[in-house]
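Where a number appears in this text, it was derived from the coordinates with a stated rule and is not lab data. From a predicted model like this one, the values you see are computed outputs, not experimental measurements. Every residue, glycine as well, gets a Cβ built from its backbone with ideal geometry; the counts of neighbours run over all protein chains shown.
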Amino acid sequence: MIPSVLPTYNRAPLEFVKGEGSWLIEKDGRRFLDLGAGIAVNVLGHANPELVAALTEQAQNLWHVSNLYQIPQQQALADKLVAASFADTVFFTNSGTESCELAVKMARKYWYDKGQPDRTDIITFEGSFHGRSSAGIAAAGSEKMTKGFGPILPGFVHLKWGDHDALRAAVTDTTAAILIEPVQGEGGIRPLPDQCLKCLRDLCDETGTLLILDEVQCGVGRTGKLFAHEWAGVTPDIMMVAKGIGGGFPLGAVLATEDAASGMTAGTHGSTYGGNPLGCAVGCKVIDIVSDPAFLAQVNRTAGTLRQSLEGLVASHPDVFEEVRGTGLMLGLKCKTPNIDLVNAGYAEQVITVPAADNVVRLLPPLNLTEDDVAEAIARLDRAASRVKP
Ligand SMILES: *Cc1c(COP(=O)(O)O)cnc(C)c1O
């Protein structure tokens, strides 16, 4: 008999009833150090007092109002994002995959309105992940996600990660946009080198192609800058955001330049919940905290300590680990033993990690984890690695 919850997930037998900072408390009372943060969502940890205050204050006044009316919390969050980024304008969604939908629609509408309606193709990359909607799975293109769900949305061109010549050849007069994650998350924590992102920008400038960055996982302070592309010193035309921006409240956004967004006039797109007062009140607080240079400096210090400690961990377990990869607090342990074994051993040692493709174990902790949390993380991961030693 089918379970009452549609069985699309393989769930661990863990039931968390409370969160405190970087810690999750299981119903049996055990405390788990959370290095997954709900897959890069709880950027300020669990039950952060400032976020709780922002949410509850808004909840006492107004939860939801239609986008038929003015929503000052939405306006405030858009203003903050525009002030803090390349963007001139923002549309709010409730998830990453909804941000993908709009990014794709925006790119196609751009060329339609420019009188080049055949420029509809979006170039994407092997190992990418853009969510589970029809556009998201078509964009990623992997058999694992698309099989059985045909007909698949057309107009996506899939290229190998890192094949520069293939990329140059693939940009034609039907190319609307290039869509890429500055750091692949699900694909196994694979950062795009800054130089490659610069070259992508140049290629897009030469050909008029729009550059869409998917910063759903790597954005909102995760790499030690507010947005990951800032490290390369170039900007996209369109950017997808979600996960961390709500700090645990479902919230996403598409940021764009005025030019890239020019086709999205009144009536061309919408969302009932997108940009609701509750989500935006929380989002404002998240952006206030995370965009503070002192906060980002602390993220970079913590990331440095964690990285260095992980290098030591890898060196002391050469049969278990191949390398540490990633950037900021978006780190991956490339394993020699099956990654899921290490994740399960972590559960036994009460530390939460997240598996990714390419036999990687992901560490995406709250951005405000403490030095003590880092030391505890390494101690627990060390014991977990000893458990899986072949
Ligand atoms: C998680 C993720 C998505 C999808 O976000 P949802 O909120 O699950 O729809 C899209 N892109 C990237 C890079 C992601 O990590």
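Summary of computed values
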read-out	value
At q = 0.20, 0.28 Å⁻¹, base-10 log of I(q)/I(0) for the stretch 305-374 (Debye sum, equal scatterers on each alpha carbon)	-0.82, -1.52
Along each principal axis, Cα extent of the chain, largest first, Å	61, 54, 53
Backbone N within the stretch 155-191 under 11 Å of label point (7 Å from D118 Cα along the Cβ vector)	173-175
Degrees between helix 96-113 axis and first principal axis of the chain (Cα, 0 to 90, nearest 10)	20
Mean separation of Cα contacts under 8 Å (6+ apart) over length of the chain, as relative contact order %	23
Hits among lysines - C-alpha to C-alpha of K144 under 27 Å, sequence gap 8 or more where chains match	K105, K160, K243, K334, K336
Reduced Cα scattering model of the stretch 262-390, Debye log10 I(q)/I(0), q = 0.20, 0.22 Å⁻¹	-1.05, -1.21
In nm, spacing of pseudo-spin labels at D202 and D259 (7 Å Cα→C-beta vector)	1.8
Net lengthening on full extension, T172/S316 (0.36 nm per residue, minus Cα-Cα)	46.9 nm
Acute angle (nearest 10 degrees) that the helix 339-348 long axis makes with the longest principal axis of the chain, alpha-carbon atoms	50
Fraction of alpha-carbon pairs over 15 Å apart in the stretch 165-254 - percent	59
Dipole magnitude of the chain, debye to nearest 20 (Cβ charges: Lys/Arg +1, Asp/Glu -1, about Cα centre)	760
For the chain, the longest site-free run once trypsin sites (Lys or Arg not before Pro) in DSSP loop states with at most 12 other Cβ atoms within 10 Å are removed	161-390
Residues H158 and K18, FRET efficiency given R0 of 45 Å [Cβ-Cβ distance, rounded to 0.05]	0.60
Potential lengthening between M1 and D28 on full extension [0.36 nm per residue; Cα-Cα distance subtracted]	6.9 nm
Linear extension gain, S142 paired with I340, 0.36 nm per residue minus alpha-carbon span	69.2 nm
